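Below is one structure, written out as structure tokens; comments come after it.
The values are calculated or read from the model by the stated rules, or taken from the named source; none is laboratory data. It should be emphasised that the depicted structure is a prediction, and the values quoted were computed from it without experimental measurement. Don't worry about glycine lacking a Cβ; one is built from the backbone with ideal geometry, like all the others, and counts go over all protein chains shown. What goes into the accessible areas is simple: the full protein's heavy atoms, side chains included, and nothing from ligands, DNA or RNA. Shrake-Rupley method; radii C 1.70, N 1.55, O 1.52, S 1.80 Å.
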Amino acid sequence: MKGAIEKRLTNGVAVAIAGVLVIVVFLIWQYRQIQDNGVMIRHTNLVLYQTQEVLNDAVHYELDVRNFLLTGDSTFLDRAGDSIRLLPSKIATLKELTADNPRQQRRIDSVLAFISRNRSILENAMFLSRAGNFEEAAGIISSEATTGYSYRIQHMLNQIALEERGLLGIRRGNNLNKASQLQWIMWSLIAAVAILAFVTFRKIRVDLSREKRAREQLRRFNIELKDEVKRQTANLQASEDKYKTLFYKSPLPKWIYDEETLYFLEVNDTAIRSYGYSREEFLGMTILDIRPEEDRDRLIKDVEDVRNNPGSYRDSQWRHIKRNGDIIDVDVTAYPINFEGHHARMVVVNDITDRRIYEKQLRQLNTDLAKRAAELASSNGELERFAYIASHDLQEPLRMVSSFLQLLQKRYGGQLDNKADQYIHYAVDGAERMKALIMDLLEYSRVGTGKESFGLIDTAIVLKEVGDIFREKIISARARVDIGEMPCVWGDKVQMTQLFQNLLSNALKYHSDQSPVIRIMAKEEPGYWQFSISDNGIGIDPQFFDKIFIIFQRLHNKSDYSGTGIGLAICKKIVERHGGRIWVESTPQNGSTFYFTIIKKS
Ligand code: ADP
């Protein structure tokens, strides 16, 4: 800032000096011009004076000659002689003085010519007078020629004087102009210097106040800086205290070791407590000493790696030996720090021995579970195979029992007593129900687990086919079936048809007093499609929500609603085979909504 002011000051002074110098030079030049003009004025005055002299001498000469001719007094003649003697030299001086003016020179030549002619006339008159011929002398003097010459001489000299006076006027005027210009310039110079001084002064004042402000700012900044340093120092102190607390009071074992020597430099109380070594014992050991023999090579390699990558954080798992010889599994986090001038690492240890045991147990449990699941799957498979074989193979003997019972009823009905007829009737009925159950079981066990028959199915088409199957039933029950926009899904077409068929059949079957209103919708969710079939039927008590999906579980007896209780069990099996789940939401007397999901093909 100071430099800038000095520079500005120097510039201001330099400009002022330069301005003054220019003006001074101009002034000198102007002054010279005035001086030159003065010389010319004096010169003009001299010419005027000399002209007047010549005129005087010419006039006196003529007057003295006339007076002599009139009086005959010779003193006039002497004086006339003096005048005419001096006249040539005065005219010569005049000519010399006007040498730069050709017009004046011509006039002077004319004057000289008139004077010499006048002189010769007058001398002739004087000659005649001396010879006593007064009359002729007087005639010459009074003649026009004589008077004409004197007038001409006077006129010429007046012309010369007039021109010189004109020149004098011009030169005086010039000088006056120059003098007033000089005055103006002087004042301008004073004004310019004053303005410059004022501007420079203002600028310097502004700069000084700016400098003052900057200094003030700097002072404030310094104070803030000091405060900040104080704050930072306090923070540092606080964070150091915090760090110490974190280190010494940590519930996890922590230590610091030298990266070069691997010696422990500091340990916290938890490390001492959980490892059993005293602080002194720790500080006398290296980190190698708390490793089982077989882990040391790995540790040395790791240490090398750390040295090659200074500043790196590390998370690794190790085994440590406690003082009592116990070996524990640990998770170790190590990060670089500068500790009392050592390149060191701060280590945080997490004992994961228990976690390892749990992990092992968990792994064991998982293996057991997988084994059980496999066993269960195989036993399920066997069961399904058994159900299939049993239901398949039982059909034949059952058909036989059933047909012979019917034959018995036909042939001997009414021939035995009432009781026998009743028994036969029960037997026929039982055989029929058994047949239906066996058929259902067969159908159920046919829902296999293989996915060979999977493909892309348009559920809208599936529902159209299902609708066709139930057309007559829908018309006779005056039911309304609304179907929303249906997607294409990945699945088994036969099973998907069966799924919708079972659900639609139930929705039509379990209707209330009102005509059935059924809505079938689909909703896209991330990863799967969710379908819903809702009705306005009799509804289901929430306590039976799970039970209805179990095979042969029914909520009504046969006389109220026909059925065997296999439909929803088959639905569940189909949905699960398609990677989804099925559930129901309902309030008794208020209709039910069955939901199921079908996963999208990934
Ligand atoms: P079924 O219809 O042959 O009895 P399901 O497995 O299809 O066998 O149904 C099991 C039971 O669930 C039925 O007995 C019935 O009580 C109940 N249920 C199924 N669908 C509905 C429905 N839409 N409304 C009311 N109850 C229903």
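The table below lists the values:
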read-out: Backbone HN-Hα couplings from phi across segment 308-319 [Karplus 6.51/-1.76/1.60, Hz, Gly and Pro as x]; value: 6, 10, x, x, 7, 8, 9, 10, 8, 10, 9, 10
read-out: Heavy-atom accessible surface of segment 400-546: percent carbon and sulfur, 1.4 Å; value: 54 percent
read-out: Where trypsin sites (Lys or Arg not before Pro) fall in DSSP loop in segment 230-287, at most 14 other Cβ within 10 Å; value: LYS249
read-out: Largest-first principal axis extents, alpha carbons of segment 339-453, Å; value: 117, 36, 15
read-out: Isotropically averaged projected area of segment 209-254, using the convex hull of Cα atoms (one quarter of hull area), nm²; value: 3.5 nm²
read-out: Rg over Rh, two decimals, segment 96-171 (C-alpha only, Kirkwood Rh); value: 1.17
read-out: Ranked by how many other beta carbons lie within 10 Å on average, peptides 18-27, 481-490 from highest; value: 481-490, 18-27
read-out: For ILE457, distant residues with modelled amide H under 5 Å away; value: VAL489, TRP490, GLY491
read-out: Equivalent ellipsoid dimensions for segment 365-429 as semi-axes, Å, which come from the Cα gyration tensor, largest first; value: 47, 13, 4
read-out: Count of lysine pairs in segment 446-550 with Cα separation under 15 Å (8 or more residues apart, or interchain); value: 4
read-out: Ordering of 104-113, 522-531 by burial proxy (mean other Cβ atoms within 10 Å per residue, highest first); value: 104-113, 522-531
read-out: Between 0 and 90°, nearest 10: helix 74-97 axis offset from the chain longest Cα axis; value: 20 degrees
read-out: Three semi-axes of the equivalent ellipsoid, segment 458-542, Cα gyration tensor, whole Å, largest first; value: 23, 15, 11
read-out: Alpha carbon convex hull of the chain, projected area averaged over orientations, nm²; value: 80.5 nm²
read-out: Loop-located GluC sites (Glu not before Pro) in segment 177-262 whose Cβ has at most 13 other Cβ within 10 Å (DSSP); value: GLU260
read-out: Mean ellipticity per residue at 222 nm, deg cm²/dmol - from DSSP H runs of n ≥ 4 across the chain, formula -39500 (n - 2.57); value: -23500 deg cm²/dmol
read-out: Part-to-part distance (alpha-carbon centres) for segment 330-393 and segment 525-575, which is given in Å; value: 37 Å
read-out: Net lengthening on full extension, ILE190/MET521 (0.36 nm per residue, minus Cα-Cα); value: 108.8 nm
read-out: In segment 286-382, chymotrypsin sites (Phe, Trp or Tyr not before Pro) in a DSSP loop with at most 15 other beta-carbon atoms within 10 Å; value: TYR313
read-out: Two-decimal Rg/Rh across segment 511-602, once Rg and the Kirkwood Rh are taken from alpha-carbon atoms; value: 0.99
read-out: Range of Cα positions in segment 261-303 per principal axis (Å), largest first; value: 29, 19, 13
read-out: Cα-only Debye scattering, segment 440-586: base-10 log of I(q)/I(0) at q = 0.10, 0.20 Å⁻¹; value: -0.34, -1.48
read-out: Amide H contacts of GLU266 (H built 1.01 Å from N, under 5 Å, at least 5 apart or other chain); value: ILE256
read-out: For segment 506-517, 3J(HN,Hα) per residue [Karplus equation, 6.51 cos²θ - 1.76 cosθ + 1.60, θ = phi - 60°, Hz, x = Gly/Pro]; value: 5, 4, 6, 6, 8, 8, 9, 5, 6, 5, x, 10
read-out: Share of carbon and sulfur in the accessible heavy-atom surface of segment 132-226 [1.4 Å probe, %]; value: 61 percent
read-out: Per-selection Kirkwood Rh - segment 236-351 (Cα, Å, 1 d.p.); value: 14.4 Å
read-out: Pairwise centroid distance, computed over Cα atoms, of segment 452-507 with segment 196-227, Å; value: 91 Å
read-out: Amide H contacts under 5 Å for TYR277, placed H, 5+ residues apart; value: ARG323
read-out: Karplus-derived HN-Hα couplings along segment 465-471 (A = 6.51, B = -1.76, C = 1.60, θ = phi - 60°), whole Hz, x at Gly and Pro; value: 5, 4, x, 4, 4, 9, 3
read-out: Accessible surface, per residue, of segment 411-556 when the full set of protein chains is kept, probe 1.4 Å, Å²; value: 58 Å²
read-out: Size-normalised alpha-carbon gyration radius of segment 49-197, reference 2.2 N^0.38 Å; value: 1.62
read-out: Ranked packing of 35-45, 360-370, most packed first, by mean Cβ within 10 Å; value: 35-45, 360-370
